[in-house]
Amino acid sequence: MKKSKYIFLITGSAILFVLFRSFGVESTIDQITRIGWSGFIIICSIYIFSNIALAYGWFVLINYPLKRSHFYKIVLARIAGDSTSSINSLGSAAGEVLKAMYVKDILPINAGLATVFLDRLIHLVSSVLMILTGIFAGLFVFESHMIETIAVFIFLALIFFLILNQSFKFAIKYSDNILLNLITKLPIGLDKKILTEKNIGKISLIDNEIKFVYSSRNNLNHFYISLAMHYFGTIIACALEIYLIINFISPATRISLIEGLFIYIFGFIATNVFFFIPANVGTSEGSYSIALSLLGYDPIIGLSVGIIRRFRSFVWSGIGALLLFYAGLIKKDEVITDIKK
């Protein structure tokens, strides 16, 4: 497993090397420095609002009498847990557990794990919706005819409705033991390691918390609110970020916000396809370059966008790491001990 990780990291680094060799190191550095400290601070600040929106999306799912004054800790837990995904997209699974651990003093661990599990499912649904939105945005970007645009939009809307409908059917069908049923579908051997006699009881407690969300229409409305927070909180922040970065480093390009949305979604799809490459090294920068090239802009801008976004993710990862350290969750031994309890 470690060997394959290094191989993928080397592959990503090779892509990044080819990009620098093709576009030139000096030209790229020149573009990156144009953003300045003020511009970079603005870019980083966008994610304050994004994290608050995502934290609220988690907050509304919680079936526990939390005070409104506790919301700030939910925000901190969100930032701390999400910081792990900047290192590797697969690391987001560990981040979900860390979120629950971060708020264990105000929220029982079972309720915390159940809600972060639901939060992750909602995030997946939101990702599908964002991809469909990006495809629809592409129709305007490439100046398709209005009739074709409306027809495709209706088609995409129907697809999303079917996906969402099937997700609800699955959730309702297995609402009694949704987590337990998902674990039983894991490869043989792995499921047996997880489904020990001791763990089955803990998983059942988490499943009961998840079931509560589907117990009434009022609770189900929280699902929609959470979905809206995930969708708008992510897509607005990311599209605005790319729009501002490009206009900071290359004012003459003058891209529109909808083009920024298309570039983000194009990169989002590419990095998820190549999720196995640690930190999406090379793949994110390359995807932005391809997207800008498709739009008729200089692809070198895409490399600069990718690097600036990477610097921004390092800043937020650093903030998240400090929060984990402050909460005493930065040490592996402590996390394992708490989970066993």
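Tabulated results
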{"quantity": "Candidates SER293, SER284, SER317, filtered to the one that is free of Cβ contacts under 8 Å to residues at least 12 places away in the same chain and either assigned to a helix (DSSP H, G or I) or under 20 Å from PHE248 (Cα atoms) (or both)", "calculated": "SER293"}
{"quantity": "Filter result (crowded, with 16+ Cβ neighbours inside 10 Å, among the small types (Gly, Ala, Ser) and out of contact with any Phe, Trp or Tyr (no Cβ under 8 Å at 6 or more places or on another chain)) within region 36-77", "calculated": "SER50, GLY57"}
{"quantity": "Odd one out for ARG309, checked against (1) among the charged types (D, E, K, R); (2) part of a helix (DSSP H, G or I); (3) at pLDDT below 90", "calculated": "(3)"}
{"quantity": "Unique match (being part of a helix (DSSP H, G or I) and surrounded by fewer than 22 Cβ atoms within 10 Å (Cβ to Cβ)) among ALA228, ALA239, ALA252", "calculated": "ALA228"}
{"quantity": "Helices (runs of 4 or more DSSP H) contained entirely in region 1-114, each with at least 1 residues that are at pLDDT 85 or above", "calculated": "25-34, 36-59, 71-82, 92-102"}
{"quantity": "Selection count where residues are among the polar types (S, T, N, Q), more than 29 Å from TRP58 (Cβ to Cβ) and modelled with pLDDT of 90 or more, scope region 233-261", "calculated": "1"}
{"quantity": "Pairs with Cβ under 8 Å, 6+ apart, first in region 41-64 and farther than 19 Å from ILE235 by Cα and without any contact (Cβ under 8 Å) to a residue 40 or more places away in the chain, second of a type in the set (A, V, I, L, M, F, W, C) and surrounded by fewer than 18 Cβ atoms within 10 Å (Cβ to Cβ)", "calculated": "PHE59/LEU66; PHE59/PHE71"}
{"quantity": "Test: residue in region 316-327 that is under 17 Å from LEU240 (Cβ atoms) and either aliphatic (A, V, I, L, M) or in contact with a helix residue (DSSP H, G or I) (Cβ under 8 Å, 6 or more places away or on another chain) (or both)", "calculated": "yes"}
{"quantity": "Residue among GLY302, GLY282 that alone is at positive phi and either of a type in the set (Phe, Trp, Tyr) or at pLDDT below 90 (or both)", "calculated": "GLY282"}
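The values are calculated or read from the model by the stated rules, or taken from the named source; none is laboratory data. What you are looking at is a predicted structure, and each value in this text was computed from that prediction instead of being measured. Here the Cβ is made from the backbone with ideal geometry for all residues, glycine too, and neighbour counts use every protein chain on show.
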